[in-house]
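The block underneath contains the structure these notes are about, expressed in structure tokens.
The values are calculated or read from the model by the stated rules, or taken from the named source; none is laboratory data. Nothing here was measured: the structure is a model prediction, and the numbers come from that model. Cβ: placed from backbone, ideal geometry, glycine included. Neighbour counts: every protein chain shown.
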Amino acid sequence: MKNFINLKDIPSSDLKKIILEARKRKKKRKNLNNLDIDKGNPLRGRLLIQMFEKTSLRTRISFYLAIKQLGGGTLTLRPDELHFSKGGESLADTAKVLSTYGDGFMLRTDNDKKLEEFKKYLKIPIINGLSPSSHPTQVLSDVFTVEEIKKKPISKLKICWIGDSNNVLNSLIAASVKFSFDLSIGCPKNYGPNKEILNWVKKNKRKINIFNNAKNAITDADVVFSDKVISLNDKVNKYKKMRDFKNFQINSNLMSFAKKDSIFLHCLPRGKEVSDSVFFGNKSKVWQQALNRVHVQKSILLYCFGKLR
Ligand code: CP
Ligand code: NVA
């Protein structure tokens, strides 16, 4: 049994294995319907319990489809219906009960410590479905999407992020170390990645490029990523932050500095950080990106359940 909490704690070789398995399984499903089960029924009879402390569309449905396609099922909990979130039952007792009824637990939380606490008491694998500091299932799936579209290892590509230094970027930075790719970040002054993650990059003998100018960051990029300026439960002065990011919108003019055959990716939901012309333009691969969550999360589940060779 393995947990899936942060990319930086998972060996590169395991992450690459997960991607390879997703590629193989996706190919084999070409003519199957959404709820058809993969040959071999690898997670037959397994129950994934999901809990969302924050809203979700994609993560919720993609995990539902992922475990279904492997032969198992999901139960989605609303924290406001449990004793736990109201303080009537401890986290430790909740975790023990989850381990009794379920085979895996996927948690989207507003507190990173909860992931570690649950891990301590659970006897089943835990998967991080987004926390304030990371969004590992999203980013691993994005690596898959990049390699699928570009038909080459991500280590041969120039990746660019224009936007806030948030959970998705933290995971992208972790991925840049694990998969050895070139990462340039464009963000306003005072909105750069935190010191802790930068020190971790340094410790791993890698470097990322940070620019306070979007044009410099995007020049010659193969892949351009962005995300909302205001994240879920972001407790900031929203008007000030939006103003500070006004020169960092990804529009057709900015995109023209990236490579001719560059692509645009966004985990969604989106705000004003990307113009409609880019978002709906032919470089945008956001729908393929969203769908791939299913395929990569299937391999993440197999990995957690000890079924990945
Ligand atoms: N990208 C993503 O995680 O979307 P949801 O918030 O809808 O799950
Ligand atoms: N950074 C965003 C990602 C949403 C999927 C957030 O945390 O709200």
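Table for the structure above
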| item | result |
| --- | --- |
| The stretch 161-173 residues that are in contact (Cβ under 8 Å) with a residue 24 or more places away in the chain and of a type in the set (S, T, N, Q), paired with ones that are surrounded by fewer than 24 Cβ atoms within 10 Å (Cβ to Cβ) and part of a helix (DSSP H, G or I) (beta carbon under 7 Å, 6 or more apart) | ASN170/ILE197 |
| Neighbours by Cβ (under 6 Å, 6+ apart or cross-chain): first from the stretch 131-145, over 16 Å from ALA66 (Cα atoms) and within 13 Å of ligand 1 (Cβ to nearest atom); second part of a helix (DSSP H, G or I) and among the β-branched types (Val, Ile, Thr) | HIS135/VAL168 |
| Residues satisfying the stated conditions in the stretch 55-83, i.e. modelled with pLDDT of 95 or more and of a type in the set (Lys, Arg) | ARG58, ARG60, LYS68 |
| Any hit, the stretch 136-144, residues being among the small types (Gly, Ala, Ser) and more than 16 Å from ligand 2 (Cβ to nearest atom) | no |
| Residues (in a loop (DSSP other than H, G, I, E, B) and either in contact (Cβ under 8 Å) with a residue 24 or more places away in the chain or within 16 Å of ligand 1 (Cβ to nearest atom) (or both)) located in the stretch 263-280 | CYS267, LEU268, PRO269, ARG270, GLY271, LYS272, GLU273, SER275 |
| Residues of the stretch 228-278 that turn out to be of a type in the set (A, V, I, L, M), surrounded by fewer than 17 Cβ atoms within 10 Å (Cβ to Cβ) and over 18 Å from ILE185 (Cα atoms), as a count | 3 |
| Residues satisfying the stated conditions in the stretch 233-244, i.e. closer than 27 Å to THR59 by Cα, more than 16 Å from ligand 1 (Cβ to nearest atom) and not basic (Lys, Arg) | VAL236, MET242 |
| Scope the stretch 196-232; condition within 16 Å of ligand 1 (Cβ to nearest atom) and either within 15 Å of ILE250 (Cα to Cα) or touching a Ser or Thr at 6+ places or on another chain (Cβ under 9 Å) (or both); matching residues | PHE225, SER226, ASP227, LYS228, VAL229, LEU232 |
| Residue in the stretch 154-172 that is within 16 Å of ligand 2 (Cβ to nearest atom) and under 30 Å from ASP93 (Cβ atoms) present | yes |
